[in-house]
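Written below as structure tokens is the structure these notes are about.
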Amino acid sequence: MSKFREARTERSLSGTWKVLRADEDARRRVADIGLDDTDWLDVNVPGLWRSCDELADAEAVLYRRHLELDRLPEGDRRWLIIDGLCYQGDVWFDGAYLGDTEGYFVEHNFEITQATALPNRHLLAIEANCETPPDRTQKRNITGALQHSDSLDHDLNPGGLWRDIRIEETGPIRIDDLRVLVLEADEDRAIIRVGGVLDSSITANVEILTNVSNTNSIEHTQEMVLARGRNEIEWHIAVENPDLWWPFSLGAQPLYELKVTVNLNGVTSDSKSRRTGLRSFELKNWIASVNGEQIFLKGTNFGPCNIDLSSVSQDDYRRDLTLAKNAGLDLIRVHGHVAHPHFYEEADKLGLLVFQDFPLQWGYSRGIKNQAARQATALVRQYGHHPSIVLWNSHNEPYHYDRSARKQ
């Protein structure tokens, strides 16, 4: 058994990738380790493929990235993490098919432990697809305003690897899908529900340490027996006399760091953190209250800063949200899309409330119902810890509407 790392080790695969417009012949060869791709085009990741002029009208693009990895210590595990791929993807590693992805904001991970146990040069290959809807009243891509809007250019395809692709290393047990939700909060006590999946390669007794810190630190320790495979877990943490998070017009925005660590035989196998704020929110008879204090909401719509979400920086989000705050607005509706995580981090710090849309906009095929439910679940699990998000909207104007017809 190796001595596991005290914290997870990550390596970003951002940078230059090789790309080619997808056709049937190229699809059959994209995962071929011996394929010479030196004459393929170069594109930056994160980014959209239309940043390369030759691919501006493409609807499917093949990506290849060569990388070298060191020997993996015995007992450790290695993972491929895809933070954001628009819209559908098929993934291969060293010629072996890993699986598929769907959902432009949904994070995906694949285990590559066996393939990378020995030091070697490796190949990661991805086919990314983002079809232009032939009938915008029967759309199948859950991309919301990015592909159907009354303000954005429909001819600009949002397809590509728009967030980071990473290699992550852990011990035998990995924390997957960490969920943090504040169930209730007042000046006396806050209750936090913590949940997720512990993916274990062995049957083991583990120690789970939860640390909640602001100016003071709270520690919670529990022991658990894990089966080999995926173990669903959930527990609650009480914070006495919490520093409450408020919208800027009512108070300060203290944030708490919640860190979960899994120890095996006294050594850290994995750890993961979420930053959250402790607050309650209620909307009753259209009257909003935060921490029991009524607030008259003044808000606005916030569409995509740019149809190329990969080009929007954290400074861009901070600038726009600060302008809204300076205008006296309390509530920002993220209209028809899911923004980069930086947006929600800035809203948390600035004390702005967020009304978050699920990216369904106007008409869709009935066949997407199951996929929509899966992605809606992922949205809440990935972003539900942000104190700024107080309202969720499942579908903007759910009726058939084809803006292109009006445009003509």
**Message:** Give me the residue from region 148-175 that is touching a Cys at 6+ places or on another chain (Cβ under 9 Å) and in a strand (DSSP E or B) and, out of that set, surrounded by the fewest Cβ atoms within 10 Å (Cβ to Cβ).
**Reply:** L161
**Request:** Sort out which residues of region 177-191 are at pLDDT 95 or above and part of a strand (DSSP E or B), and write them in order of number.
**Result:** L178, R179, V180, L181, V182, L183, E184, A185, R189, A190, I191
**Request:** Check off (1) crowded, with 17+ Cβ neighbours inside 10 Å; (2) at pLDDT 95 or above for D36 and give me the number that stays unchecked.
**Result:** (1)
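Here is a yes/no grid of residues against (1) modelled with pLDDT of 95 or more; (2) within 26 Å of S200 (Cβ to Cβ):
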site	(1), (2)
D57	yes, no
R65	yes, no
E74	no, yes
I82	yes, yes
L85	yes, no
F93	yes, yes
A96	yes, yes
A117	no, yes
**Item:** Of the criteria (1) of a type in the set (V, I, T); (2) surrounded by 22 or more Cβ atoms within 10 Å (Cβ to Cβ); (3) more than 20 Å from A31 (Cβ to Cβ), which one I126 fails
**Value:** (3)
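Among the candidates R274, R318, single out the residue that is modelled with pLDDT of 95 or more and closer than 30 Å to N205 by Cβ.
Only one candidate passes the filter, namely R274.
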**Request:** Return yes or no: is I82 surrounded by fewer than 19 Cβ atoms within 10 Å (Cβ to Cβ) and β-branched (V, I, T)?
**Result:** no
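Residue by residue, here is whether (1) within 10 Å of G160 (Cα to Cα); (2) in contact (Cβ under 8 Å) with a residue 40 or more places away in the chain holds:
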| site | (1), (2) |
| --- | --- |
| C52 | no, no |
| D57 | no, yes |
| V61 | yes, yes |
| E68 | no, yes |
| R77 | no, yes |
| D90 | no, no |
| L98 | no, no |
**Prompt:** Has region 220-229 got any residue that is β-branched (V, I, T), touching an Asp or Glu at 6+ places or on another chain (Cβ under 9 Å) and more than 29 Å from L69 (Cα to Cα)?
**Reply:** yes
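Every residue, every condition in (1) over 16 Å from the mean Cα position of the chain (by Cα); (2) surrounded by fewer than 15 Cβ atoms within 10 Å (Cβ to Cβ); (3) hydroxyl-bearing (S, T, Y), yes or no:
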residue	(1), (2), (3)
R366	yes, yes, no
N370	yes, yes, no
L379	no, no, no
Y383	no, no, yes
P387	yes, no, no
**Request:** With respect to L178, determine if the residue is in contact (Cβ under 8 Å) with a residue 12 or more places away in the chain and buried (at least 19 other Cβ atoms within 10 Å of the Cβ).
**Result:** yes
**Prompt:** Limited to region 220-245, what total is found for residues that are surrounded by fewer than 17 Cβ atoms within 10 Å (Cβ to Cβ) and over 18 Å from I175 (Cα atoms)?
**Reply:** 3
**Request:** Looking only at region 317-359, count how many residues are surrounded by fewer than 21 Cβ atoms within 10 Å (Cβ to Cβ), closer than 27 Å to A373 by Cβ and in contact with an Asp or Glu (Cβ under 8 Å, 6 or more places away or on another chain).
**Result:** 1
**Message:** Given the criteria under 19 Å from the mean Cα position of the chain (by Cα), surrounded by 17 or more Cβ atoms within 10 Å (Cβ to Cβ) and modelled with pLDDT of 95 or more, does V260 qualify?
**Reply:** yes
**Message:** Tell me whether region 355-373 contains one or more residues that are of a type in the set (S, T, Y) and farther than 30 Å from T137 by Cβ.
**Reply:** no
**Prompt:** For region 251-278, which residues satisfy the criterion of being over 16 Å from D76 (Cα atoms), touching a residue at least 60 places away in the same chain (Cβ under 8 Å) and of a type outside the set (G, A, S)?
**Reply:** Q253, L255, L258, V260, K272, R274, R275, T276, L278
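The values are calculated or read from the model by the stated rules, or taken from the named source; none is laboratory data. All values derive from a computational prediction rather than experimental measurement. Note: ideal-geometry Cβ built from the backbone for every residue, glycine included; neighbour counts use all protein chains shown.
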